[in-house]
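See below for the structure under consideration.
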Amino acid sequence: MEKLAYALVFIALIFAVLNILTNQDKDEPSPRTARRKKPRPVEPRPAEPPAETGGINTNSKSMAEKKGDVGEQIVKVAVLSKLDAAQYRHFSNLIIPAPNGTTQIDNIVVSPFGVFVIEAKYFQGWIFGGAKQEKWTHTLSRFEKYAFPNPIRQNYGHIKALARLLRQPESRFHSVVVFTHRNCQLKTELPANVCLQHNFIEYIQGFTKNIVDDAALARIHSVLQQPEWQATEDKKAAHVERLKAIQRLN
């Protein structure tokens, strides 16, 4: 009888120990649950880039407008301070007729060596593109890459409109594209007329052959200085509305 009692006590002790061990296992995390994957960093969604032709607010200037104004002023200061005023005459911020309505031209430099039509872009970062590509890429970081219209093509449209207005052959016009931000880099091989802030004046001065006679210069000056082509705030707003209407149709 005693042996049976001892056996029952022994069995009870075994069950008690097993129960304790089981509860401890439940409290301790398993290796699988202890090792948790690190959360992946969420890539920030870049904000929409400022539109080149849109975004004008009739009540206050948009960021795109302000940047455009800065780029235009950088070109203007460089032209007026570094080019001989006896040879070069500067006109800026004109809105003139075009086949689709109007077109806005940032800077024009008129000289015996040709009419230089300057398209200014105030972009910080890297620029990728090609002369024949429809879109170029403006890169601020690996998270921020924006497409924008080929400025060479864009400026060719300006030249065609200007040649029509001035009644001059296109051979007398030179297209110049200037990226005016000091922290801008051109990362692909581009034509010589795509310049940075520090070298576009040198590019203009590289043209030394007289191709515009005095009579033609006088006519060009007479047309461009007319007040009707100056880009007032009202004209800018109307110009942008026309561009938006064209974009909606496309």
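The values are calculated or read from the model by the stated rules, or taken from the named source; none is laboratory data. Just so we're clear, the structure is a prediction, and the values are computed from it rather than from any experiment. A quick note on method: Cβ atoms are made from the backbone with ideal geometry, for glycine too, and the neighbour counts reach across all protein chains shown.
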* Selection from region 110-164 of residues that are crowded, with 17+ Cβ neighbours inside 10 Å, within 29 Å of residue 86 (Cβ to Cβ) and touching a residue at least 60 places away in the same chain (Cβ under 8 Å) -> 110, 111, 113, 114, 115, 116, 118, 120, 161, 162
* Structure fact -> region 67-136: strands (runs of 3 or more DSSP E) wholly inside it with 3 or more residues that are over 24 Å from the mean Cα position of the chain (by Cα) and not β-branched (Val, Ile, Thr) are 89-98
* **Options 212, 223, 178, 240: the member that is out of contact with any Gly (no Cβ under 8 Å at 6 or more places or on another chain), closer than 22 Å to residue 96 by Cα and surrounded by 13 or more Cβ atoms within 10 Å (Cβ to Cβ)** => 223
* **Close pairs from region 217-239: first within 18 Å of residue 117 (Cα to Cα), partner part of a helix (DSSP H, G or I), Cβ under 7 Å, at least 6 apart** => 220/166; 223/165; 223/166
* Can we say residue 199 is under 22 Å from the mean Cα position of the chain (by Cα), under 15 Å from residue 121 (Cα atoms), modelled with pLDDT of 95 or more and exposed (fewer than 14 other Cβ atoms within 10 Å of the Cβ)? -> yes
* Tell me, which residue of region 129-151 that is hydrophobic (A, V, I, L, M, F, W, C) and in contact with a Phe, Trp or Tyr (Cβ under 9 Å, 6 or more places away or on another chain) is farthest from residue 224 (Cα to Cα)? -> 140
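Conditions tested, residue by residue: (1) of a type outside the set (A, V, I, L, M); (2) over 18 Å from residue 213 (Cα atoms); (3) free of Cβ contacts under 8 Å to residues at least 60 places away in the same chain.
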position: 76; (1), (2), (3): yes, yes, yes
position: 80; (1), (2), (3): no, yes, yes
position: 84; (1), (2), (3): yes, no, yes
position: 92; (1), (2), (3): yes, yes, yes
position: 99; (1), (2), (3): yes, yes, no
position: 102; (1), (2), (3): yes, yes, no
position: 105; (1), (2), (3): no, yes, yes
* Name the pairs whose Cβ atoms lie under 8 Å apart, with the first residue in region 193-204 and under 14 Å from residue 83 (Cα atoms) and in contact (Cβ under 8 Å) with a residue 12 or more places away in the chain, the second among the hydrophobic types (A, V, I, L, M, F, W, C) and in a strand (DSSP E or B), and 6 or more positions between them or separate chains? -> 200/118; 200/176; 200/178; 203/176; 203/195; 204/109; 204/116; 204/176
